[in-house]
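The values are calculated or read from the model by the stated rules, or taken from the named source; none is laboratory data. This one's a predicted model, so the numbers in the text were calculated from it and none came from an experiment. Neighbour counts are summed over all protein chains in view; Cβ atoms, including those assigned to glycine, are modelled from backbone coordinates with ideal geometry.
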Amino acid sequence: MKKIVAIITPYKKNGKINWLGLTFLINFHIYNKTDKILMLGTTGESHVFNIRDFVNLILFIKKFYFKFLFSINQNNLKIIYYKYYLLKTNNINLVLLSLPYYVLPNKISIYNYFKKLKKFGIKTIFYNIPKRTGIYISFLLYNKLINKKYVFYIKNSFNNVKNSLILKNKKLFLLSGEDTNLYFCKKILYSGTISVYNNVFPKMFNNINNKFIYFVKQFNYDINPVLIKNLIKKIFSIKINFVLLFGIEKFFFTQSQI
């Protein structure tokens, strides 16, 4: 399976982005052969980033010769369009997109939403997460979006057998959206995974994932980025102690990333 990491954005104590720490994390994933890096893809990041930080992040990743994509999770359509424009003008051609929460759950409004975004010429990974948006997409609407090439990929967090088999039959790039269902997704032959968990052990991700999640469940932890942010903070604080001569300082993660 293709491995896309939802990379965690490191911060300083004053709430500013820790660019040196981010450089360290990106190089860590490049070294460990992660396939792509998703920016602003962990819980609480995309929708709280102001435009200045968003632009700075786009400009910052240009120095890395690697494949990046961005997550957009907004309710303001003007901001969504503006971000698409910024990404397109900076040669970012892949976006992970969820539905604005206020969009009425009818076929016409959702269809028009994707139709307008198609004009930017950026391929969209549709983040299908009904438990968050409250919107369940019908297969009739899926057919229209796929046939019109408004959607090329689906990050699917609605992993039941019927849903997955029908979408797989459409010859889409179907990506796992829930790490707890990775074993199921392998059996259904998903194309890959977008995961916050492979922030920790990207080389061994596929091998350790199921055991790691079993361990997490035993201690009744929530399956969300808070656990991973705390764990990776411990791991990298140990590693950083050995590379202080290179100027890497301690960095921080938060759930809301504010």
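Numbers at a glance
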item	result
Search result, residues across the range 28-54 that are assigned to a helix (DSSP H, G or I) and within 18 Å of the chain's Cα centre (by Cα)	F28, H29, I30, S46, H47, V48, D53, F54
Failed condition for P130, given (1) over 19 Å from the mean Cα position of the chain (by Cα); (2) farther than 24 Å from Y82 by Cα	(1)
Single residue of the range 117-135 satisfying the filter (surrounded by fewer than 14 Cβ atoms within 10 Å (Cβ to Cβ) and modelled with pLDDT of 90 or more) that is nearest to F70 (Cα to Cα)	G121
Residue list for the range 67-88, filter: of a type in the set (V, I, T) and closer than 29 Å to N32 by Cα	I72
Number of the condition not met by Y150 [criteria: (1) in a helix (DSSP H, G or I); (2) more than 27 Å from Y197 (Cβ to Cβ)]	(1)
